[in-house]
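Participant: Dropping a structure here in structure tokens format, bear with me for questions.
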Amino acid sequence: MKTNIENVELSLLELADYPEFKEAMISSYSGMPESYWKEEKIAKLLTLFPEGQIVVKVNGHIAGAALSIIVDGKMAEKKHTYKEITGDYSFSTHSAKGDFLYGIDVFIHPEFRGLRLGRRLYDYRKDLCERLNLKGILFGGRIPNYHEYADKMTPKEYLQKVREKEIHDPVLNFQLSNDFHPIRILRNYLLGDTASGEYAALLRWDNIYYEEPNDNAISVKNYARLGLVQWQMRLYKDFDELIQQVEFFIDAVSAYRCDFALFPEFFNAPLMADYNHLSEPDAIRELAGYTDRIVDKFSEFSVSYNINIITGSMPEIKDEKLYNVGYLCRRDGSVERFEKLHITPDEEKVWGLVGGRQLKTFDTDCGKIGILICYDVEFPELSRLLAEEGMRILFVPFLTDTQNGYSRVRHCAQARAIENECYVAIAGSVGNLPKVHNMDIQYAQSMVFTPCDFAFPVNGVKAEATPNTEMILVVDVDMDLLVEINKSGSVRNLNDRRTDLYQLFKRK
């Protein structure tokens, strides 16, 4: 290994580099002395795809290189040979319309090994793949130590033992450590590669930032701004005054260009004051009479203020049963309903509420979201099922009267963010309603939780409102960070589940 290193740099390969490039390649493939690219081939490659050809230089001298083409993934993921994937070494398989970067060569001069220069070449390929919005990287990886075990095991068995650290293969170990995963064994891949028995492992790296081509004018956003309404319970003289307060908050969060507004559970409870002379079950059924009108107003506001609104929750009578429900009012005018599935003992005993049966994710212009009402967030199965459907943000409208009740919701919501690698936003009500039975005092601190990893706050709290104070909380969340933690986080809660031992499913 060279000492006195003064400079290490990556640069695009140029034809003028060829003499030194050839020398470095011959030295790198000492066991296959005829394995080097002729100058006319390199010239053609540079004409077809110049940014795919990279060299790493140490003190101005070529220490290694990586060559690539773009191919159709459907073709490349099938069984093939090196000769076939390169179009008989003519690169006719290269296509600007392809969806995978295919690595056709990578080498480091023996004199410069041990400097981790190969990682720089691989990182460049990954960056290029992301910049070109390709699905990923493919290449046939040599298994040069296989000849020592060929009489004892198949290439598949050899690959498995390398993955389980029972066998050390310097080339394959390096590729696995760089997040490449094998998808098949290729037979007769590279003629003359006796060390590998002419076998290769087809390796794939997935671009987690890849986006499917979309002809629509509006695509799914990679970030979202959340507006949480920490609602003050107070008496209103009538329905119109309550709606006026609702519009005030929607106007406020919309002015900050929020993508979502989240209201608390039973935020409309003040309207029960007019029915306080009735029994609690009768009073809340009278409150249910306002639900359709409230949803209509929310839908109107979502369009006029250009914001997606999670309405919190309201009582609703359906088939003579009383449910706790809410609505997602999208800014495109569409409306969908969600239900509280788990009813608290108090809700069942005092009001006669029954649990719903519908659990699903909702598509929005900021990706898939989930909504769980208060007590539901204390049941981890629900959010896990939503996460398996692609949920990126979980919204939790809640209503708690005591601090210990709030703590249950708060800590369970934070756990859901960690275990499901998603954002969780909770919004509750504060204040009191002395003229409404069973709705005396409220305690809340609205928050947005994140996973706990390097890209996020160390305590998993993105932002928090002042406890027991009427206010809004405006928070930006980055969806790309969720994709990144899912693929390369310190721990990977979703990917590391032992689905060979246990599974979770929804009943039909």
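Please treat every number below as a calculation from the coordinates, not as lab data. As the structure is a prediction and not an experimental result, all values here were calculated from the model. With ideal geometry, Cβ positions are generated from the backbone for all residues, glycine too; neighbour counts draw on all protein chains shown.
Participant: Would you tally the net charge around Tyr209, using a Cβ to Cβ cut-off of less than 11 Å, leaving Tyr209 out, and scoring K and R as +1, D and E as -1? Display every interim value, and only then the final one.
Facilitator: Details: positive: Lys126, Arg131, Lys135, Lys487; negative: Asp127, Glu130, Asp206, Glu211, Asp480, Glu484.
Neighbourhood net charge equals -2.
Participant: Going Cα to Cα from Lys165, which aspartates and glutamates come in below 17 Å? Please leave out same-chain ones fewer than 8 positions away.
Facilitator: Glu148, Glu157, Asp179
Participant: Which FRET efficiency value, to the nearest 0.05, is calculated for Met153 and Ala195 with the Förster distance at 22 angstrom and r the Cβ-Cβ distance?
Facilitator: Numbers: r = 16 Å, r/R0 = 0.71.
That pair, Met153 with Ala195, gives E of 0.90.
Participant: Which of the aspartates and glutamates could a cross-linker span from Lys156 if the Cα-Cα distance has to be under 13 Å and same-chain partners fewer than 8 positions apart are dropped?
Facilitator: Glu164
Participant: Provide the percentage of antiparallel DSSP beta bridges, counting only those with both residues in segment 240-327; round to the nearest 5. Don't jump to the answer; show the numbers that get you there.
Facilitator: Numbers: 5 of 9 bridges.
Around 55 percent antiparallel, to the nearest 5.
Participant: What is the count of Lys pairs in segment 226-488 whose alpha carbons sit under 26 Å apart, if the two are 8 or more places apart or on different chains?
Facilitator: Taking segment 226-488 as the scope, the lysine pair count is 27.
Participant: Can you give me the C-alpha center-to-center distance between segment 13-79 and segment 156-174, rounded to a whole angstrom?
Facilitator: Between the Cα centre of segment 13-79 and that of segment 156-174, the gap is 26 Å.
Participant: Starting from 0 in steps of 10 Å, tell me what percent of the Cα-Cα pairs of segment 8-206 lands in each bin.
Facilitator: 9, 36, 40, 14, 1
Participant: Follow-up question, since we're still on this one. Sorted from fewest to most neighbouring beta carbons within 10 Å, what does the list Asp478, Asp151, Asp496 look like?
Facilitator: On the way: Asp478 15, Asp151 6, Asp496 9.
Ascending Cβ contact count within 10 Å gives the list Asp151, Asp496, Asp478.
Participant: If you take the beta carbon distance between Asn404 and Asp296 as r and set R0 to 25 Å, what does 1/(1 + (r/R0)^6) give as a FRET efficiency, to the nearest 0.05?
Facilitator: Working: r = 37 Å, r/R0 = 1.48.
Here the calculated transfer efficiency is 0.10.
Participant: In square nanometres, what is the average projected area of the Cα convex hull of segment 312-460?
Facilitator: Details: hull surface 39.2 nm².
Seen from a random direction, the Cα hull of segment 312-460 projects 9.8 nm² on average.
Participant: Name the lysines eligible as straight-distance cross-link partners of Lys57: C-alpha to C-alpha under 23 Å, and not fewer than 8 places from it in the same chain.
Facilitator: Counting by Cα, and skipping residues close in sequence, Lys57 has these lysines nearby: Lys2, Lys22, Lys38, Lys41, Lys44, Lys126.
Participant: Starting from a Cα-only point model with no solvent, please compute log10 I(q)/I(0) by Debye for segment 180-316 at q = 0.11, 0.15, 0.21 1/Å.
Facilitator: Per q value, in the given order, log10 I(q)/I(0) is -0.58, -0.83, -1.21.
Participant: Shifting gears a bit: Rounded to two decimal places and with Rh computed the Kirkwood way over Cα pairs, what is Rg over Rh for segment 226-488? Intermediate values should be presented prior to the final figure.
Facilitator: Working: Rg = 17.2 Å, Rh = 18.2 Å.
Reported Rg/Rh, Kirkwood definition of Rh: 0.94.
Participant: What value does segment 404-508 have for Rg/Rh, both radii from Cα atoms and Rh as Kirkwood defines it?
Facilitator: Rg/Rh: 1.08.
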